[in-house]
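Visitor: Supplied in structure tokens, the structure appears directly below.
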Amino acid sequence: MRDLFEKPAAGAAPQGSSDALFIRPVMSELFIETKEWVDCPGCKRRIASARVEENQLVCPRCRHHFRMDAPRRVDMLLDPVSFIPMPLSHTRVNRLNFPGYGKKLISYQKKTGMRDGLLAGTGCIKGQPMAVGVLDYRFLMGSMGAQVGDGLTRLTELAMAQGLPLIIVSASGGARMQEGIISLSQMAKVSAAIGRFQQAGGLYISVLTDPTTGGVSASFAMLGDIIIAERKALIGFAGPRVIQQTIRKKVPPGLQQAENLLANGFIDRIVDREELRELLGQILRLHEKSVL
Amino acid sequence: MNNVDQKTMEETAVSGTKAPVMRTIHGASLAQNLQQKASANAWDVVEKARDKDRPHPEDFIQAMVNGFIEFHGDRRFGDDPAIMGGIGWLGGRPVTAIGIRKGRGISEKTLCNFGMPHPEGYRKALRLMHQAARFHRPILCFIDTAGAYCGIEAEERGQAQAIAQNLIEMSQLPVPILSVITGEGGSGGALALAVCDRLFMLENSVFSVISPEGCASILYKDAKRNKDAAQDLKMTAVDLTRLKVADELIPEPEEFTVDTMQPVVKSLRRRMEHALLSYCALPAEELLNRRYDKFRKIGSLT
């Protein structure tokens, strides 16, 4: 099962083959289940990991939303066994030969069982077919390099070709520094693909989770026809530390919290995690008849 | 001579049979010289790009666009002095010109926020670009910024959304867009004016996802390693030409100031006019397909 996110063996099932229908994404090794107890950043109290885990990574006491990795997110949102992954490319991405980056990539691939910080594919939510891309914060903070940019572009083109609605769940610090200008250019590339998709009548729902900043918020994350954020997610252009350095003052608390973006008119809705699947299902059903 | 470079320097963005072939006026040996110079000293290039005496986008607009008339305001919130935009003539053709204004002297610089635009600046630029599309005018963007402003008001007014909106809409504007980086091309704040059909870069300009200082302090955990970071980020005009992100490189004189900028203005004007000749002849659909493919190819892994 772990093979799903590793390099497939020669002759492995191609994208969309029926074999993949019965594969479910692997669970994270990096996160919560590796420890027995966790300290909740919300209420500062110690809780059994199992209790957080069975509650979709939401603290049962204070409702703090722990960050969620991509395989788990797909598992939580999609109908069981409906997910058909779209494989990422095997081309080398360290085109600038950035020192240390190649090794770093390999170490994160081992830790997460993923090729890069994106899990993409097609599937169903409440019986509604759609294409979905989920960024994984564990992989170099969900940063977008060529792999993520190219994957999202291909996913958008796939959604357009198959007439599917598109959902992208963001959790990212922004563009990936180690890929320099290539990663910056992905912002324009993914945005252009989404532009075409929307022009053709496609529905794009952007789901913002903690954190969504930098080159990801300044491109596709803010371009959804409908933009939904998880409660208290950090969403912004610059990170709080950069703002603090720029203005040389303390950043007011809550400036970049989802709640503040809602008040300022930049997002459509805020949801609790357990409502997300239901809400997406309803929105998808309302667009069932929309032409693409 | 490196084949790739030669190809890039001479490659025509518009390679259709009808379109005239674009050739750079300078030979391959010059490109090679430039490359050796630049890759040896990425940090020197960064310093030159930031030099206070370097001509600013406003100088280029004044020198290149005849009869320039400046327009103001985003019609939503306000008028950002850090972005100037308006209409004028380039080679007998009406154009819309947009540039980052850095200002000279402390009061003007403060007014322009040191060339770091707020969201309303990007929205003004987009408004003027839509206007250009409505009247079939090509768009010229002159870029020199450390980046989009990272302050409280900028966040509150949606800096990320403003940049994202420029990216998606510029990829669909049915008129030619030519962008030139004259000094610093700072991350998303520069990209928001650089979704174009052809990207020009002056010899000592840079374009990067993050400043070398930022990269050094975050990745190397040592802000003093900015020189290494400048090298590793491959951010100079020559590097970017090699990576096929920039399409044309414009040589500069040794001392590059407003007084000595004439040859650069002349060569940039000539190349832009030349590019417009080709792009204006393309049907809108073809123009947009090529723009899409230009970005589609960058970091394409398939």
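Each value in this text was obtained by applying a stated rule to the coordinates, not by laboratory testing. This is a predicted model, so every value here is computed, not measured. In this analysis, Cβ positions are derived from the backbone assuming ideal geometry, glycine residues included, and neighbour counts consider all displayed protein chains.
Visitor: Please report, in whole Å, how far the alpha carbons of region A:85-212 spread along each principal axis, starting with the longest.
Guide: 43, 27, 27
Visitor: Okay, next question. Springs between alpha-carbon atoms under 10 Å, Gaussian network over chain B: tell me which of B:86, B:105, B:78 tops the mean-square fluctuations.
Guide: Of B:86, B:105, B:78, the most mobile in the Gaussian network model is B:105.
Visitor: Taking residue B:266 as the anchor, which lysines have their alpha carbon closer than 25 Å to its alpha carbon, excluding any fewer than eight residues away along the same chain?
Guide: Reachable lysines: B:7, B:37, B:48, B:52, B:102, B:244.
Visitor: For each of B:142, B:295, B:68, count neighbouring Cβ atoms within 10 Å of the residue's Cβ, then give the residues from fewest to most.
Guide: Fewest-to-most Cβ neighbours within 10 Å comes out as B:68, B:295, B:142.
Visitor: Largest first and to the nearest Å, give the Cα extent of region B:27-291 along each principal axis.
Guide: Sorted largest first, the three principal extents are 48, 48, 37 Å.
Visitor: Post the alpha-carbon centroid distance, region A:123-137 to region B:249-287, in whole angstrom.
Guide: If you average the Cα positions of each part, the centres end up 46 Å apart.
Visitor: Figure the gain on full extension for residue B:50 and residue B:277 (residue separation times 0.36 nm, minus the Cα-Cα span) and round it to one decimal in nm. Could the numbers behind the result be given before it?
Guide: Numbers: separation 227, 0.36 × 227 = 81.72 nm, distance 3.21 nm.
That works out to 78.5 nm of additional length.
Visitor: Run the helix sum for chain A: -39,500 (n - 2.57) per DSSP H stretch of 4+ residues, divided by residue count, reported at 222 nm to the nearest 500 deg cm²/dmol.
Guide: Calculated mean residue ellipticity at 222 nm is -9500 deg cm²/dmol.
Visitor: Follow-up. For region A:235-240, in order, what is each residue's ³J(HN,Hα) by Karplus, 6.51 cos²θ - 1.76 cosθ + 1.60 with θ = phi - 60°, in whole Hz (x at glycine and Pro)?
Guide: 9, x, 7, 9, x, x
Visitor: For chain A, modelled as a GNM with alpha-carbon contacts under 10 angstrom, which of A:54, A:274, A:179 fluctuates the most?
Guide: A:54
Visitor: So, one more: I need the phi-derived Karplus couplings for region B:169-182: 6.51 cos²θ - 1.76 cosθ + 1.60, θ = phi - 60°, integer Hz, Gly and Pro marked x.
Guide: After applying 6.51 cos²θ - 1.76 cosθ + 1.60, I find 7, 5, 6, 10, 6, x, 10, x, 10, 10, 10, 9, 9, 9 Hz.
Visitor: Considering only the other residues whose Cβ falls under 14 Å of the Cβ of residue B:131, what net charge follows from Lys and Arg at +1 and Asp and Glu at -1?
Guide: Result for the local shell: +3.
Visitor: Grab the Cα-Cα distance for residue A:249 and residue A:263, subtract it from 0.36 nm times how many residues apart they are, and report the gain in nm with one decimal.
Guide: Roughly 2.7 nm would be gained on extension.
Visitor: Which residues make up the longest stretch of chain B that has no trypsin sites (Lys or Arg not before Pro) in a DSSP loop with at most 16 other Cβ atoms within 10 Å?
Guide: The reported range is B:105-220.
Visitor: I would also like to ask the following. Go through region A:167-182 residue by residue and turn each phi into a ³J(HN,Hα) via Karplus (6.51, -1.76, 1.60, θ = phi - 60°); whole Hz please, and just put x for glycine and proline.
Guide: Values, residue by residue: 10, 10, 9, 8, 7, 7, x, x, 5, 8, 3, 5, 9, x, 5, 4 Hz.
Visitor: Divide, for region A:68-286, the radius of gyration over alpha carbons by 2.2 N^0.38 Å, where N is the residue count.
Guide: For region A:68-286, the normalised Cα radius of gyration is 0.98.
Visitor: Estimate the FRET efficiency between residue B:135 and residue B:227 by the formula 1/(1 + (r/R0)^6), using the beta-carbon distance for r and 45 Å for R0, to the nearest 0.05.
Guide: Between residue B:135 and residue B:227 the formula returns 0.45.
Visitor: Using 7 Å Cα-to-Cβ label points, what is the residue B:285/residue A:89 separation (nm, one decimal)?
Guide: 2.7
Visitor: Given labels modelled 7 Å from the Cα in the Cβ direction, how far is it in nm from residue B:218 to residue A:161?
Guide: Those two pseudo-labels are separated by 3.3 nm.
Visitor: Suppose R0 equals 45 Å. What FRET efficiency, 1/(1 + (r/R0)^6) with r the Cβ-Cβ distance, do residue A:46 and residue B:66 give to the nearest 0.05? Before the final figure, lay out each step's value.
Guide: Working: r = 71 Å, r/R0 = 1.58.
Step by step, r from the Cβ atoms, then E = 0.05.
Visitor: Please state, to two decimals, what the Cα-based radius of gyration of the protein assembly as shown comes to when divided by 2.2 N^0.38 Å (N = residues).
Guide: Relative to the rule-of-thumb radius for its length, the protein assembly as shown sits at 0.95.
Visitor: Pop the C-beta distance of residue B:262 and residue B:293 into the FRET formula with R0 = 45 Å and round what comes out to the nearest 0.05.
Guide: For residue B:262 and residue B:293, the calculated efficiency is 0.80.
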